[in-house]
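The values are calculated or read from the model by the stated rules, or taken from the named source; none is laboratory data. Keep in mind it's a predicted model, so treat the numbers as computed, not measured. Using ideal geometry, Cβ is built from the backbone for each residue, glycine included, and neighbour counts are taken over all protein chains shown.
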Amino acid sequence: MIHVAALLGLFACLALAPEAAGQPRMPRIGVLSVGTNSEGPPPPRWVVFFESLRRLGYVEGQSLAVDRRFAGGRSERVPDFAVELVQKNVDVIVVTGMREVQAAHRATTTIPIVTIVAPDLVATGLIASLARPGGNITGLTYGTAGIGEKYVELLHQAVPKATRVAVLASRAPDQTVQTNVRDAARALSVELLPIVLVKGPEEFETFFAQARRDGVGGLIVTNDGVTNLHRRQVVELAAKYRLPAIYTAREFVDQGGLLAYGPSVLDLYRRAPMVVDKILKGARPAEIPVEQPTKFDLLVNLKTARSLGLALPQSLLARADEVLQ
């Protein structure tokens with residue numbers, strides 16, 4: 001019995017040796033996104049995110065633990081997911097859009113939160129300023145001054161005969177963006193219909209059918225969690241109802257959308273891990289400036305334009321970063 005006790009004591013010491021030697025705990029991050037499915041292959045944006053983490057030395061399962069909470073377009077699940085990540089005692093919570101950052105902030109004011117594509121964080125009161133956020137939120141913002149005007153201007157350039165424009169969204173765009181869109185539409189003598197929010201993909205077809213009945217000639221599709229997750233359905237309905245649309249992310253054009261303009265989402269996902277790295281190395285989110293987009297893409301799908309009977313002006317094609325044939 002004495003020998004057995006001695007052996008058990010030795011094994012216990014060996015099990016505690018790494019901690020006793022001061023070996024650091026493996027960093028743990030939580031990832032929260034309403035617009036990502038938990039099943040199937042990861043979207044390109046998340047592939048880019050984790051590749052960027054690996055380049056910084058964070059390999060999942062070896063030097064980094066990751067807790068994923070993907071809501072699959074069901075925004076009602078996000079608050080509970082945020083609480084779960086807090087209970088996991090993660091070191092950083094990485095979030096995508098506004099629903100996620102708000103839920104995470106309600107769940108914790110101490111664990112650092114890193115945003116990737118959240119819109120205007122200052123206007124919503126989540127941070128004090130871009131230069132000095134002042135709380136536990138930092139990262140990158142998708143919002144930028146004047147972008148709402150670009151959507152209207154580019155759509156008008158592609159479809160100059162469109163006198164009525166509608167907006168497809170499941171979450172109300174920032175007030176600043178709404179004002180930009182409304183002012184730009186007024187300047188071009190285009191009527192902007194009141195924004196009617198859809199709750200989910202089951203309401204998409206009703207929206208498109210009503211837009212057609214209302215004489216809408218052009219559509220602005222926002223890049224929120226629901227529209228992005230179900231972008232194939234959105235693009236197919238735009239084709240079915242022959243509604244020229246401008247989107248805010250290239251994935252829509254890859255699926256057959258007409259136009260896309262906005263900050264490069266892949267670039268934002270590539271840069272976000274650098275903010276995570278700073279925090280894991282001891283930087284305080286309150287003192288890490290929130291970064292704005294630096295790369296913008298304009299994409300045009302000529303095949304879709306031809307199917308809609310549109311002859312896109314050369315001036316628009318010349319501005320495009322990429323033209324899909």
Original post:
Given THR124, THR144, which one is surrounded by fewer than 24 Cβ atoms within 10 Å (Cβ to Cβ), closer than 30 Å to ALA82 by Cα, touching a Pro at 6+ places or on another chain (Cβ under 8 Å) and modelled with pLDDT under 90?
Top reply: THR144
Original post:
VAL323 fails exactly one of the following numbered conditions: (1) free of Cβ contacts under 8 Å to residues at least 40 places away in the same chain; (2) part of a strand (DSSP E or B); (3) crowded, with 18+ Cβ neighbours inside 10 Å. What is the number of that condition?
Top reply: (3)
Subject >> Single residue of the stretch 43-86 satisfying the filter (of a type in the set (S, T, N, Q) and touching a Lys or Arg at 6+ places or on another chain (Cβ under 7 Å)) that is nearest to SER170 (Cα to Cα) >> reply: SER75
Original post:
When the residues of the stretch 112-143 are filtered to those that are within 18 Å of ASN228 (Cβ to Cβ) and part of a loop (DSSP other than H, G, I, E, B), which remaining residue is farthest from the chain's Cα centre (by Cα)?
Top reply: GLY143
**OP:** Would you mention how many residues in the stretch 64-104 are crowded, with 21+ Cβ neighbours inside 10 Å, closer than 19 Å to THR141 by Cα and free of Cβ contacts under 8 Å to residues at least 40 places away in the same chain?
**Re:** 1
**OP:** Kindly indicate the residue of the stretch 266-313 that is part of a helix (DSSP H, G or I) and free of Cβ contacts under 8 Å to residues at least 24 places away in the same chain and also nearest to LEU140 (Cα to Cα) among those meeting that condition.
**Re:** LYS278
